[in-house]
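All remarks here apply to the structure that follows.
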Amino acid sequence: MMSVPQFPVPPAAVPAAEQQPQWPDPDAVTRVRERLAGLPPLVRPHDSDRLAALLGEVAGGRAFLLQGGDCAEMVERATPAAVHGTVATLSRLAGTLERAFGMPVVTVGRLAGQYAKPRSSPLETVQGHTLPAYRGDAVNGAAFTAEDRTPDPRRMLRAYEAAATTLRLVADRPEPRPVAREVFVSHEALLMDYELPLTRRDSRTGRAYAGSGHLLWAGERTRDPEGAHIAFLSRVANPVAVKIGPGARPDDLLRLARTLNPGAVPGRLTFIVRTGAGSVRRVLPELVGAVADAGVPVAWVCDPMHGNTVRVNGRKTRYFDDVYEEIAGFFEVHRALGTHPGGVHLEMTGADVTECLGGGSGAVWSAGVRPADLASRYESACDPRLNRTQALELGRLVAGLRTP
Ligand code: PEP
Ligand code: MN
């Protein structure tokens, strides 16, 4: 029997990882981990190193990061239509921002690995029935049935295959070569039974690399500096990021920076701040100030989605104007501090879905998505995404923020 590589080995003191599924059959998990450990890594260390160097340019104020894609990728949507749609929209957005800002835009999809979701509650109740919450296609199914919601580790193999397909589609897309920009892939490093077997030591350098994506991040719920996820990220050589919510204190960020970027290497660590439109101007200055005073080089990125989720007509949604407003506040804070607003992190798609409200030149809803439209094409398995039109409109508005 093939042994599962256990590095980076979490030290004994690290607590059990948060937000892991309750797999019904531990032996089945072991078998899947062995299979994953025998499969090729999905990305190459060399490419993760190149992305780290580009993110160093972002941290240094000479480049901008555009990161975007689904909240939760679905295995059945690893199709040319879905992947090419997302990548084409990202590419257009990147072009708009590049022209407006006069600097390279590093383009990173939430792609080829965004198959595991943290949940606020482990259970979901619908009309008196309670089932395990959906945790992403690598764990269970989105449909509200006992069969779908039972975690099945074989789904991790399907997620791996879908990620491999997605990477082929990203590499081989119909855009003409001269305009095709390089697109890297990223996801939340949540599911340890997936990430650990895909982590391999690079024979060139002897360093461990996550093979599941170029850039990995820890979410707002799993960013405990003493926790298992941060311990994992501290042990891989890939560029890493951490989501930062409105409750974060300056000391939390300094501890994360010491753990994840002890060598103070620009590009190694990105903070993705998601405070909400109403809090960014109040919360961000202290965080950016503390990190700048400590002399830690980080890239600052704005996620204007996760602090602005509301429920309308029984569905999770976000107002386009709130999304824009959080980015505007993020730019304002950085301009006032003389620091670099390094990028944006969006939940978006190339499809004409109706999941976020508004858009349509910021004017009236008649031009954008209205509450009554939510039901018509709400296709996200988790959080609401900007549709193609909304994403491109947001890009035009953000382009206008650069010049004072
Ligand atoms: C997400 O990016 O989908 C997510 C769950 O974000 P956060 O960890 O910031 O809540
Ligand atoms: Mn999300």
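The values are calculated or read from the model by the stated rules, or taken from the named source; none is laboratory data. As the structure is a prediction and not an experimental result, all values here were calculated from the model. When we count neighbours, we look across all protein chains shown, and the Cβ atoms used for this are built from the backbone with ideal geometry, even at glycine.
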Any idea which of 347, 325, 355 is away from ligand 1 (no atom under 16 Å from the Cβ) and acidic (Asp, Glu)? 325
Considering each residue of segment 13-29, count those that are part of a helix (DSSP H, G or I) and surrounded by 15 or more Cβ atoms within 10 Å (Cβ to Cβ), and give that number. 1
Check residue 311 against each of (1) more than 26 Å from residue 87 (Cβ to Cβ); (2) away from ligand 2 (no atom under 16 Å from the Cβ) and name the one condition it does not meet. (2)
Return the residues of segment 198-220 that are touching a His at 6+ places or on another chain (Cβ under 9 Å) and not polar (S, T, N, Q); say none if nothing qualifies. 202, 204, 213, 215, 216, 217, 218, 219, 220
Entirely in segment 241-314, the strands (runs of 3 or more DSSP E) that have 2 or more residues that are touching a Gly at 6+ places or on another chain (Cβ under 7 Å) and of a type outside the set (Gly, Ala, Ser): 299-302
Among the residues of segment 329-339, is there at least one that is out of contact with any Ser or Thr (no Cβ under 8 Å at 6 or more places or on another chain), buried (at least 16 other Cβ atoms within 10 Å of the Cβ) and among the small types (Gly, Ala, Ser)? yes
Taking segment 278-307 as the region of interest, how many residues are surrounded by fewer than 24 Cβ atoms within 10 Å (Cβ to Cβ) and within 16 Å of ligand 2 (Cβ to nearest atom)? 2
Can you name the residue in segment 123-149 that is in contact (Cβ under 8 Å) with a residue 24 or more places away in the chain, assigned to a loop (DSSP other than H, G, I, E, B) and of a type outside the set (Phe, Trp, Tyr) and, of all such residues, is nearest to ligand 2 (Cβ to nearest atom)? 136
When (1) within 24 Å of residue 72 (Cβ to Cβ); (2) of a type outside the set (Asp, Glu); (3) surrounded by fewer than 20 Cβ atoms within 10 Å (Cβ to Cβ) are applied to residue 250, the one that fails is (1)
Please find, within segment 75-117, the residue that is farthest from ligand 2 (Cβ to nearest atom) out of those that are crowded, with 20+ Cβ neighbours inside 10 Å and part of a loop (DSSP other than H, G, I, E, B). 78
Restricting the search to segment 175-205, which residues are part of a loop (DSSP other than H, G, I, E, B) and at pLDDT 95 or above? 182, 189, 190, 191, 196, 197, 198, 202
Take the residues of segment 340-351 that are more than 16 Å from ligand 2 (Cβ to nearest atom) and outside any strand (DSSP E or B): which is surrounded by the most Cβ atoms within 10 Å (Cβ to Cβ)? 342
Report, ordered by the first and then the second residue, all pairs with beta carbons closer than 6 Å, sequence separation of six or more or different chains, a first member in segment 379-390 that is within 19 Å of residue 311 (Cβ to Cβ) and of a type in the set (Lys, Arg), and a second member that is buried (at least 20 other Cβ atoms within 10 Å of the Cβ) and at pLDDT 95 or above. 385/347; 385/348; 385/349; 385/355
Taking interchain pairs and intrachain pairs at least six residues apart, which have beta carbon atoms under 9 angstrom, with the first residue in segment 15-35 and at negative phi and the second hydroxyl-bearing (Ser, Thr, Tyr)? 17/222; 18/222; 24/150; 32/194; 33/194; 34/3; 35/160
Any chance residue 33 is away from ligand 2 (no atom under 16 Å from the Cβ), part of a helix (DSSP H, G or I) and crowded, with 17+ Cβ neighbours inside 10 Å: yes
Counted residues in segment 150-168 being surrounded by 20 or more Cβ atoms within 10 Å (Cβ to Cβ) and either aliphatic (A, V, I, L, M) or not in a loop (DSSP other than H, G, I, E, B) (or both) come to 8
How about segment 52-74: which of its residues are under 29 Å from residue 381 (Cβ atoms) and assigned to a loop (DSSP other than H, G, I, E, B)? 70, 71, 72, 73, 74
Failed item in (1) aliphatic (A, V, I, L, M); (2) more than 16 Å from ligand 1 (Cβ to nearest atom); (3) under 24 Å from residue 306 (Cβ atoms), with residue 81 passing the rest: (3)
